[in-house]
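Please read the structure below before turning to the comments.
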Amino acid sequence: MRRFHDTKQKHHCPSINIDKIVAYAKKINLDCPETIDITKWGFFKLLGKGKLPSKPLIIKAKVFSKKAQNKIVKSGGACVILP
């Protein structure tokens, strides 16, 4: 069977955990801003492993896991889903 327009990366979705967000923000010299857009870093999905900082954050991503979404809302932050 031939597939002329078969692409191998249909479901390519780089992900990052909550605990890595703070470390990654410090690595690129952001002092943990209130709004973080992880799509600018090349990640599209946010996973729920780790702890959030004490202040509430607004995180923008294309996909959130349920665990990550619950942790962000409980800490007083917000999840913004990008198209």
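Bear in mind these aren't lab numbers, they're just calculated from the coordinates by the rules spelled out. The structure displayed is predicted, hence computed values, not measured ones. Positions of Cβ are backbone-derived with ideal geometry, glycine not excepted, and every protein chain shown enters the neighbour counts.
Taking Cα pairs under 8 Å and at least six residues apart, what relative contact order does the chain come out at, in percent? Intermediate results must be reported in sequence, preceding the final value.
On the way: 128 pairs, mean separation 22.3, N = 83.
Averaging sequence separation for qualifying contacts and normalising by length gives 27 percent for the chain.
Please get the size of the charge dipole for the chain, origin at its Cα centre, with Cβ charges of +1 on Lys and Arg and -1 on Asp and Glu, quoted in debye to the nearest 20. Before the final figure, lay out each step's value.
Details: 18 positive and 5 negative charges, 81 e Å.
In total the dipole reaches around 380 debye.
What number, rounded to the nearest 500 deg cm²/dmol, is the helix-based mean residue ellipticity at 222 nm of the chain, given -39500 (n - 2.57) per DSSP H run of at least four residues and division by all its residues? Mind showing how you got there, number by number?
On the way: 2 runs with 19 residues, N = 83.
Mean residue ellipticity, 222 nm, calculated: -6500 deg cm²/dmol.
Beyond a 28 Å Cα-Cα separation, which of these cross-linked pairs lie in this structure: Lys10/Lys51; Lys8/Lys62; Lys8/Lys51; Lys8/Lys74; Lys8/Lys71? Kindly include the intermediate steps, with their values, before the conclusion.
Working: Lys10/Lys51 31 Å; Lys8/Lys62 20 Å; Lys8/Lys51 34 Å; Lys8/Lys74 38 Å; Lys8/Lys71 33 Å.
With Cα atoms farther than 28 Å apart: Lys10/Lys51; Lys8/Lys51; Lys8/Lys74; Lys8/Lys71.
Are there trypsin sites (Lys or Arg not before Pro) in the stretch 41-82 that DSSP marks as loop and that have at most 16 other Cβ atoms within 10 Å, and which are they?
Working: sites: Lys45, Lys49, Lys51, Lys60, Lys62, Lys66, Lys67, Lys71, Lys74; in loops: Lys49, Lys51, Lys62.
Hits after loop and neighbour filter: Lys49, Lys51, Lys62.
From the backbone phi of the stretch 52-60, what are the Karplus-calculated ³J(HN,Hα) couplings (6.51 cos²θ - 1.76 cosθ + 1.60, θ = phi - 60°) in whole Hz, Gly and Pro given as x?
In residue order, the calculated couplings are 8, x, 5, 8, x, 10, 9, 10, 9 Hz.
Would you mind checking which residues have amide H under 5 Å from Asp37's amide H? H placed 1.01 Å from N; only 5 or more apart, or other chain.
Lys60
Expressed as cubic angstrom per residue, what is the convex hull volume of the alpha carbon set of the chain?
Details: hull volume 9.1 nm³, N = 83.
Here the figure is 110 Å³ per residue.
What base-10 log of the normalised intensity I(q)/I(0) is obtained for the stretch 35-83 from the Debye formula, alpha carbons as equal point scatterers, at q = 0.13, 0.18, 0.24 Å⁻¹?
So the normalised log intensities work out to -0.24, -0.47, -0.85.
Using the Cα centre of the stretch 35-83 as the reference point, and only Cβ charges (+1 on K/R, -1 on D/E), how large is the resulting charge dipole? Debye, rounded to the nearest 20.
I would put it at about 200 debye.
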